[in-house]
Every structure is written in C-alpha cells, then in structure tokens.
Amino acid sequence: MNDELLIKFLLKETSEKENAEVQDWISADGENEKYFKQLEQIWNESAGLATQSSVNEELAWQKFKTRVAQKEENIQSVQLKAKRSNGNFKWLSIAATFFIVAGVWLVYSLLGNAYTEVSSKALVVNKVLPDGSQLVLNKNTTLSYANDFKQNRKVLLLKGEVFFDVAHDRKHPFTIAMDQVNVMVVGTSFNIKRNTDHIEIIVESGVVKVKRNNSEISLIKGERVMISADSQAQLVKRANEDELYNYYRTQLFVARNTPLYRLVNILNEAYGVQIVPADDVKALRIYTTLPFNNLDKNLNNICEALDLQMERNQNQILLSKKRK
C-alpha cells in the first residue's frame, strides 16, 4: 500500500474501488491499522501547520530526504505527478505539503528522539550495538536503532547492506524493519541487502523469520529469500548458491562454479564500474578466489581462466571470447 493512496483516502477523494482496497489493507493486519491511525493523526495535526508554517520548504525537504531515505522515491513521485497531472493536482500537491511539513516533524519526533542513526557513506563500517550485537555495514548504508536498545532491540534499515551477528537474548527478540518487510531473530547471523527494487536476506547461522503482510517464512543456514518491492507474492526461500555477498566483509570474491554474470554483477557493485560480458559468455562458470584490492589484476585472472579477452570502450569494460 502506498502513502499517496492513503492520503487520497484521507481527503475522501478515492473511488469506490480504491476505498475497498484501503479498507481491506487496514483490516488485513494490525500493523497496517496502527500505521494508518498514526498517519491519520499526523495528517490532522498538520492541517493547521500547513496554513501557518513559515518553514523554508526546500530546506525542510532536504532534511526530510536525508533522515528518511526510504521515502525518497515516494515523495519524488508525488512531486512529479503534481507537476504533470492537472486532474490530480489538488490532492497530490496537498500530499507533498503534508510530507514536507508533517513529515519533518514526524521524523525528528520519532527518529531524532527515539533512534540513533548510523551511516557508512563511502566506507565499510563495523558497529557494535548496545546489546553486544555486531554489525558490518557495506558502503552507502543507513540504519537507525532504538535508543533503549537492550529492552527494545529494533533496527530500521533505510538503505544499503548489513551483516548482522546478533547477540542471544530470548526475552528480547531482535527485529529489523524495512517498510512492509520485518525480520525477527533471537541470536543468529545473516546478511540483508536493501536496494530500491528488492530486499535480499541470506542466513549464515540460526533461524531468521521473515514477514511481509500476511506471508511469513523461516530461513535456516544456507537459505535465502529475495523480495521484490513491486510484488505482493508469497515469500519463497531458496538455497544460497555462492559466497559472493560476503565480499565487503571478507575482502575476497569467492566463486565456486559461479556463472560469470553473477561475479560481474558483484564486481560492478564493489568497484563502481561497468563490466559487460558478451551474451555468449555470460553463463560460463568459474572457480576462483580474487582479492579485493586490484580490479585490473582480477579481470586479467578471469580472462585467463575462461580464455576471454578484455576491451575498454569509454566507461565500459567488455569481456568476450578471444578472436581466432
């Protein structure tokens, strides 16, 4: 359920079909009802603020995007639609004002006072939480954790990738919230990657419970789940097939009969480059262990192992079969 439809519902401008969709969503889960009531309260309180506030909207908007990274795309979508759509301009522009005025207040009251934010920016960061849980944050990752963490072991993963080694505490389950996806553990180790289009969870030890709306699964060592942001399908677990997700923690790229395209995707992510394998070599499988520190040497090793050639074309690095 997106916030734009909920705001349209609060404005009483939804169709009968949309009304039913919102009501069904609220009734489906207690957390949905709780979220809607909170949104409704903020909406009502912000109605007065919207007409009185002299806040610098551009400055507030920038602060809001910085503190609540997971809302960026929704807000940008609201602004874009408000500009392009005359028919929906009224409620979309009100929605944008609501997020600017009330959103900043909500973020600072909830995250500013109750949560501590951690951001890795351009470096891999090691972090120990107050309960003893150990985290490794990949580059460009942002999360927040509850200030009363020993009693309320809750983490909000806003964006990026984290390896969690969770301290055992049966009385206080460890939870990670990502919009409609919730992860709960007691004491275990696992990796979570959150991109704009999907969430990936891979378990190394223990049991991890993953819930999205009314769908819930349990993952054990060696299992993974991929959750698409635009799909409401049931959660499906699969065997994890490689160790490449670990590269930022181990500083090694470990490929064991791994398709070339998979290794290339990880190298592109790790180095911020654009390696492009030709269609007829993408599926070639490779056994190798590559150190993190030298991209060119790693590419040469890949080419030697698979009998490929490498060419540079502007910003791209092309991998293809050697010409006879």
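The values are calculated or read from the model by the stated rules, or taken from the named source; none is laboratory data. Computed from a predicted model, the values in this text were never measured in an experiment. Every residue, glycine as well, gets a Cβ built from its backbone with ideal geometry; the counts of neighbours run over all protein chains shown.
I'd like to know if the range 130-142 contains one or more residues that are basic (Lys, Arg), buried (at least 16 other Cβ atoms within 10 Å of the Cβ), farther than 20 Å from Asp242 by Cβ and out of contact with any strand residue (DSSP E or B) (no Cβ under 7 Å at 6 or more places or on another chain).
Looking for residues that are basic (Lys, Arg), buried (at least 16 other Cβ atoms within 10 Å of the Cβ), farther than 20 Å from Asp242 by Cβ and out of contact with any strand residue (DSSP E or B) (no Cβ under 7 Å at 6 or more places or on another chain), one finds at least one in the range 130-142, hence yes.
Restricting the search to the range 242-259, which residues are closer than 24 Å to Lys139 by Cβ and not polar (S, T, N, Q)? Talk me through it step by step, then tell me what you get.
As a first pass, look at the range 242-259 and keep what is closer than 24 Å to Lys139 by Cβ: 242-255, 258.
Asp242, Glu243, Leu244, Tyr245, Tyr247, Tyr248, Arg249, Leu252, Phe253, Val254, Ala255 - these are the residues of the range 242-259 that are closer than 24 Å to Lys139 by Cβ and not polar (S, T, N, Q).
Restricting the search to the range 241-293, which residues are among the aromatic types (Phe, Trp, Tyr), over 21 Å from the mean Cα position of the chain (by Cα) and within 20 Å of Leu123 (Cα to Cα)? Let's see the steps before the verdict.
As a first pass, look at the range 241-293 and keep what is among the aromatic types (Phe, Trp, Tyr): 245, 247-248, 253, 261, 271, 287, 292.
From what is left, the residues that are over 21 Å from the mean Cα position of the chain (by Cα) are 253, 261, 287, 292.
Residues satisfying the conditions are Phe253, Phe292.
So which of Lys150, Lys127, Lys121, Lys171 is out of contact with any Cys (no Cβ under 6 Å at 6 or more places or on another chain), in a loop (DSSP other than H, G, I, E, B) and without any contact (Cβ under 8 Å) to a residue 12 or more places away in the chain?
Lys171
Yes or no, residue by residue, for (1) within 27 Å of Lys171 (Cβ to Cβ); (2) touching a Gly at 6+ places or on another chain (Cβ under 8 Å); (3) at pLDDT below 95:
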residue: Asn113; (1), (2), (3): yes, no, yes
residue: Thr116; (1), (2), (3): yes, no, yes
residue: Leu123; (1), (2), (3): no, no, yes
residue: Lys127; (1), (2), (3): yes, no, no
residue: Leu135; (1), (2), (3): yes, no, no
residue: Ser144; (1), (2), (3): yes, no, yes
residue: Asn147; (1), (2), (3): yes, no, yes
residue: Gln151; (1), (2), (3): yes, no, yes
residue: Lys154; (1), (2), (3): yes, no, yes
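Just for the range 135-147: of the residues that are in contact (Cβ under 8 Å) with a residue 60 or more places away in the chain and either acidic (Asp, Glu) or in a strand (DSSP E or B) (or both), which one is farthest from Phe292 (Cα to Cα)?
Thr142
Would you kindly identify the strands (runs of 3 or more DSSP E) lying entirely within the range 218-324 that contain at least 1 residues that are exposed (fewer than 15 other Cβ atoms within 10 Å of the Cβ) and of a type in the set (Phe, Trp, Tyr)?
285-291
Residues in the range 171-182: is at least one surrounded by 17 or more Cβ atoms within 10 Å (Cβ to Cβ) and more than 22 Å from Asp29 (Cα to Cα)?
No, the range 171-182 contains no residue that is surrounded by 17 or more Cβ atoms within 10 Å (Cβ to Cβ) and more than 22 Å from Asp29 (Cα to Cα).
If a residue has to be assigned to a strand (DSSP E or B), closer than 20 Å to Glu269 by Cα and either among the acidic types (Asp, Glu) or not assigned by TED's automatic domain parsing to the domain that holds Ser144 (or both) to count, how many in the range 174-207 make the cut?
Adding up the residues that qualify gives 1.
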